[in-house]
Amino acid sequence: MSTITENPTDLSPEQLIDAYRMMVNIRRVEERVGQAYQMKKFSGFCHLYIGQEAVAVAGCAAMRPEDHYIVAYRDHGQAMAKGVSAEAVVAELLGKKTGSTGGKGGSMHIFDLSKRFYGGWGIVGGQVPLAAGIGWAIKYKGLPEVCVCSMGEGSIHQGVFHEALNMASLWDLPVVFVCENNKYAMGTEMSRISAVSDLTLKAVSYGMDAATVDGQDFFACYKGMKEAIDRARERSRPTFLDVKTYRFRGHSMSDPGSYRSKEEVQQEQERDPIPGLGRALIQLGYATQAELDAIDAEARALAKASLEAAEAAPWPDDAAAFDHVYAEPLEPLEGHR
């Protein structure tokens, strides 16, 4: 176990503690969500972010509030990292009126325009060209903003991935394409579907900067994300990041993960990013173990309260079924009600 003697980032001690708190909050909320799903409190697809928390939290720590974040369907933790409340996330999962999209989006479609979080997208790779579109809008308006686009490694063989990266480089768009590479595209190990193991080579054809990042090390992840975000903001140039991470649960709640050995999962859990950052905070003198334990207790209470609030929340009104269908709902013609 390495010892850290100085802060390798430009983040203050308070910001690092906040990052740790957010990672723990995401972990405890996701654990509670998994339990609720098993108890059939909600149904449908549900993809947990457990094990990958450092990627979203480090990325959001490197972003500014006005920056844009668009992701795939494993989106609960990313939404929380961008500022969507745990209560709004859990209520959305349960289909309640107080959810982030009024209970109409569910697990794969968390969305909050006020936080510039543009939701999870259920179509594999569907968010990648949309990120290029957001980048184009930023550049067209001359804004000092950045779009960060997260995707799974299963997205990189979609045609739209290559089209979007090509356009982003050709048009100098301020977009950071983040591949959260957790080794398995659903249940298939990457070596079985990718002709190259170094995914940064995917960006070579498009003449953009690319880097491999350790997604289980908060500091390394922050450094890689910060460099890419700064490049986008200051030079309006895109970057592709292959972020090596790992999900500790199955692809979704219906996946037992039997394609992985227990030994592999246990080995990966030894690099859990949450205790890793916690140890660093103690070594740097920014926190004590007692303070970290208190943060964990608060996170457990938050997760419990969020589920209880979601269960007590009302269902959407029947009339809400017609909201967001048209810009201005049309009155039915006489005799055609």
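Might you check whether a residue that is surrounded by 22 or more Cβ atoms within 10 Å (Cβ to Cβ) and in a helix (DSSP H, G or I) occurs anywhere in region 165-176? Checked against the condition, which is being surrounded by 22 or more Cβ atoms within 10 Å (Cβ to Cβ) and in a helix (DSSP H, G or I), region 165-176 yields at least one hit.
Residue-by-condition table, conditions (1) farther than 30 Å from residue 129 by Cα; (2) not hydroxyl-bearing (Ser, Thr, Tyr):
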{"position": "9", "(1), (2)": "yes, no"}
{"position": "21", "(1), (2)": "yes, yes"}
{"position": "35", "(1), (2)": "yes, yes"}
{"position": "43", "(1), (2)": "no, no"}
{"position": "64", "(1), (2)": "no, yes"}
{"position": "69", "(1), (2)": "no, no"}
{"position": "85", "(1), (2)": "no, no"}
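For residue 150, work out the one condition from (1) buried (at least 18 other Cβ atoms within 10 Å of the Cβ); (2) over 26 Å from residue 16 (Cβ atoms); (3) in contact with a helix residue (DSSP H, G or I) (Cβ under 9 Å, 6 or more places away or on another chain) it doesn't fulfil. The single condition residue 150 does not satisfy is (2).
Rundown of residues vs (1) of a type outside the set (Ser, Thr, Tyr); (2) closer than 18 Å to residue 253 by Cα; (3) touching a Pro at 6+ places or on another chain (Cβ under 8 Å); (4) at pLDDT 95 or above, yes/no style:
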{"site": "54", "(1), (2), (3), (4)": "yes, no, yes, yes"}
{"site": "63", "(1), (2), (3), (4)": "yes, no, no, yes"}
{"site": "71", "(1), (2), (3), (4)": "yes, no, no, yes"}
{"site": "77", "(1), (2), (3), (4)": "yes, yes, no, yes"}
{"site": "81", "(1), (2), (3), (4)": "yes, no, no, yes"}
{"site": "87", "(1), (2), (3), (4)": "yes, no, no, yes"}
{"site": "94", "(1), (2), (3), (4)": "yes, yes, no, yes"}
{"site": "100", "(1), (2), (3), (4)": "no, no, no, yes"}
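No other residue among 6, 92 is surrounded by fewer than 24 Cβ atoms within 10 Å (Cβ to Cβ) and acidic (Asp, Glu) apart from 6.
The set of residues in region 177-220 that are in contact with a strand residue (DSSP E or B) (Cβ under 7 Å, 6 or more places away or on another chain), charged (D, E, K, R) and in a strand (DSSP E or B) comprises 180, 209, 214. Restricting the first member to region 190-216 and to residues that are more than 24 Å from residue 247 (Cβ to Cβ), and the second to residues that are surrounded by fewer than 17 Cβ atoms within 10 Å (Cβ to Cβ), the beta-carbon pairs closer than 6 Å and six or more apart or on different chains are 206/166. Does residue 99 satisfy being farther than 28 Å from residue 185 by Cβ, in contact with a helix residue (DSSP H, G or I) (Cβ under 8 Å, 6 or more places away or on another chain) and buried (at least 24 other Cβ atoms within 10 Å of the Cβ)? So residue 99 passes the test. For region 34-54, a residue qualifies if it is of a type in the set (Gly, Ala, Ser) and over 12 Å from the mean Cα position of the chain (by Cα), and the qualifying residues are 34, 36, 43, 44.
Residue under question is residue 104, and the condition is that it be surrounded by 21 or more Cβ atoms within 10 Å (Cβ to Cβ), basic (Lys, Arg) and under 22 Å from residue 321 (Cα atoms); does it hold? In short, no.
Considering each of 260, 279, 271, 300 in turn, give the residue that is surrounded by 15 or more Cβ atoms within 10 Å (Cβ to Cβ), within 18 Å of residue 219 (Cβ to Cβ), touching a residue at least 60 places away in the same chain (Cβ under 8 Å) and among the basic types (Lys, Arg).
Every option except 279 fails the conditions.
Return a yes/no flag: does region 46-56 have any residue that is within 27 Å of residue 183 (Cα to Cα), in contact with a helix residue (DSSP H, G or I) (Cβ under 7 Å, 6 or more places away or on another chain), buried (at least 24 other Cβ atoms within 10 Å of the Cβ) and of a type in the set (Gly, Ala, Ser). Yes, region 46-56 contains a residue that is within 27 Å of residue 183 (Cα to Cα), in contact with a helix residue (DSSP H, G or I) (Cβ under 7 Å, 6 or more places away or on another chain), buried (at least 24 other Cβ atoms within 10 Å of the Cβ) and of a type in the set (Gly, Ala, Ser). In region 214-253, the qualifying residues are those that are among the β-branched types (Val, Ile, Thr) and under 27 Å from residue 34 (Cβ atoms), and the one that is surrounded by the fewest Cβ atoms within 10 Å (Cβ to Cβ) is 245. Can you find, within region 285-295, the residue that is nearest to residue 14 (Cα to Cα) among those that are of a type outside the set (Asp, Glu) and loosely packed, with under 15 Cβ neighbours inside 10 Å? Within region 285-295, the match that is nearest to residue 14 (Cα to Cα) is 285.
Yes or no, residue by residue, for (1) over 17 Å from the mean Cα position of the chain (by Cα); (2) within 22 Å of residue 214 (Cα to Cα):
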{"residue": "104", "(1), (2)": "yes, no"}
{"residue": "108", "(1), (2)": "no, no"}
{"residue": "111", "(1), (2)": "no, no"}
{"residue": "116", "(1), (2)": "no, no"}
{"residue": "136", "(1), (2)": "yes, no"}
{"residue": "168", "(1), (2)": "yes, no"}
{"residue": "175", "(1), (2)": "no, yes"}
{"residue": "188", "(1), (2)": "yes, yes"}
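Given 64, 27, which one is surrounded by fewer than 22 Cβ atoms within 10 Å (Cβ to Cβ) and basic (Lys, Arg)?
Numbers: 27 fails: surrounded by fewer than 22 Cβ atoms within 10 Å (Cβ to Cβ).
None of the other options fit; the residue is 64.
The values are calculated or read from the model by the stated rules, or taken from the named source; none is laboratory data. The shown structure was predicted, so the numbers you read here are calculated from the model rather than taken from an experiment. Virtual Cβ from ideal backbone geometry, glycine too; neighbours counted across all protein chains shown.
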